[in-house]
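A short write-up of the structure that comes next.
The values are calculated or read from the model by the stated rules, or taken from the named source; none is laboratory data. None of these values were measured; they are calculated from a predicted model. Reconstructed Cβ throughout: ideal geometry from the backbone, glycine too, with neighbour counts over all protein chains shown. SASA here: full protein model, heavy atoms, side chains in, ligands and nucleic acids out. Shrake-Rupley method; radii C 1.70, N 1.55, O 1.52, S 1.80 Å.
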Amino acid sequence: MKIIKLNAIDSTNTFLKNMVSKVVVDDFTVVVAKTQTKGRGQMNSEWVVEEGKNLTFSVFSRFTDLDVENHKYLNFCISLSVYEALKELDLPSLSIKWPNDILSGNKKLGGILIENTLKGSKIVSSVVGIGINVNQDSFSKSLPNASSVKKILGKEFNLEILLESILMRLKNYHTILERKEYSLLEEAYLKRLYKKNVPTMFKNSQNILFMGKIIGVSKSGNLQIELENETIQEFGLKEVSFATL
């Protein structure tokens, strides 16, 4: 595993993708930055962190036979890797908020951005960006649900050790994915899914409130919510959110 350490970069995902486009990059090449000036989350949302306080890194990985239709299992692998590494720190009420935010209680500790390269019906490689709030003390008022490991547990943590823990689990789950042990991945992910089977108020993209409960993730990777009339509706990214009352 090759690890490239940088002080400041616009985005570790962008840096790694540029590398891949110009040279042959070893499998499991990792780019870590002390700070990102233009970090990105899902759907091009901004990810802002304090310099040297958090983990911001990207990982390049190749696949031998991963169908595009099975992309949700790649997300499960990465989410579970981060979840399990943080679970070792004894964070309370840890869960995965669909598709891949990591929560402690209702506080967001981290997020994941997966960018795939396709060839026909196959995913041939991915650049996976991971951001974890570790030792940051304060957050913008525009992010009321953001928190950090330090804020929750009251002590600082070694970034290098946490990085190694996540990478070790990523390699393990990558092997499980290559073996196509999809049911194992799905069971593990759903077991840790935030608000699964809990009646909850949601809001759709038209700002309409409705009651339902999360029951799973569809084959295409959409969130499945069972409505009060017992029908099941699917939602993609940014099509549904938890309502704040």
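Anything in the range 87-99 that is touching a residue at least 40 places away in the same chain (Cβ under 8 Å) and not in a strand (DSSP E or B)? List them, or say none.
GLU88, LEU89, ASP90, LEU91, PRO92, TRP98, PRO99
Do we have any residue at all in the range 115-133 that's within 16 Å of the chain's Cα centre (by Cα) and open to solvent by 50 Å² or more (accessible area, probe 1.4 Å)? Walk me through it before giving the result.
We begin by selecting, within the range 115-133, every residue within 16 Å of the chain's Cα centre (by Cα); these are 115-116, 126-133.
So of that shortlist, the ones also open to solvent by 50 Å² or more (accessible area, probe 1.4 Å) come out as 116.
Yes, the range 115-133 contains at least one residue that is within 16 Å of the chain's Cα centre (by Cα) and open to solvent by 50 Å² or more (accessible area, probe 1.4 Å).
So if I check each of SER140, SER125, SER81, which one is in contact (Cβ under 8 Å) with a residue 24 or more places away in the chain and either assigned to a strand (DSSP E or B) or on the phi > 0 side of the Ramachandran plot (or both)?
Within the list SER140, SER125, SER81, the selection yields SER125.
Sort out which residues of the range 29-50 are modelled with pLDDT of 85 or more and more than 23 Å from ARG169 (Cα to Cα), and write them in order of number.
Across the range 29-50, the qualifying residue is only THR35.
Pairs please, first residue from the range 159-173 and at negative phi, second anywhere and of a type in the set (Lys, Arg), Cβ atoms under 9 Å, 6+ apart in sequence or on different chains.
LEU159/LYS53
When only residues in the range 9-27 that are charged (D, E, K, R) and part of a helix (DSSP H, G or I) count, which is nearest to LYS171 (Cα to Cα)?
This residue is LYS17.
Kindly indicate whether any position in the range 57-69 is touching a strand residue (DSSP E or B) at 6+ places or on another chain (Cβ under 8 Å), within 25 Å of VAL217 (Cα to Cα), open to solvent by 20 Å² or more (accessible area, probe 1.4 Å) and at pLDDT below 90.
No, the range 57-69 has no match at all.
Can you report the number of residues in the range 149-180 which are open to solvent by 40 Å² or more (accessible area, probe 1.4 Å), more than 18 Å from GLY111 (Cβ to Cβ) and not in a loop (DSSP other than H, G, I, E, B)?
9
So SER79 clears everything in (1) more than 25 Å from PHE242 (Cβ to Cβ); (2) within 15 Å of the chain's Cα centre (by Cα); (3) not hydrophobic (A, V, I, L, M, F, W, C) except one condition, right? Which one?
(1)
Could you please find all residues in the range 137-148 being under 16 Å from THR35 (Cβ atoms) and surrounded by fewer than 19 Cβ atoms within 10 Å (Cβ to Cβ)?
Once the filter is applied, which keeps residues that are under 16 Å from THR35 (Cβ atoms) and surrounded by fewer than 19 Cβ atoms within 10 Å (Cβ to Cβ), the range 137-148 yields ASP137, SER138, SER140.
I'd like the full set of residues that are acidic (Asp, Glu) and within 18 Å of ASN100 (Cβ to Cβ), limited to the range 181-202.
GLU186, GLU187
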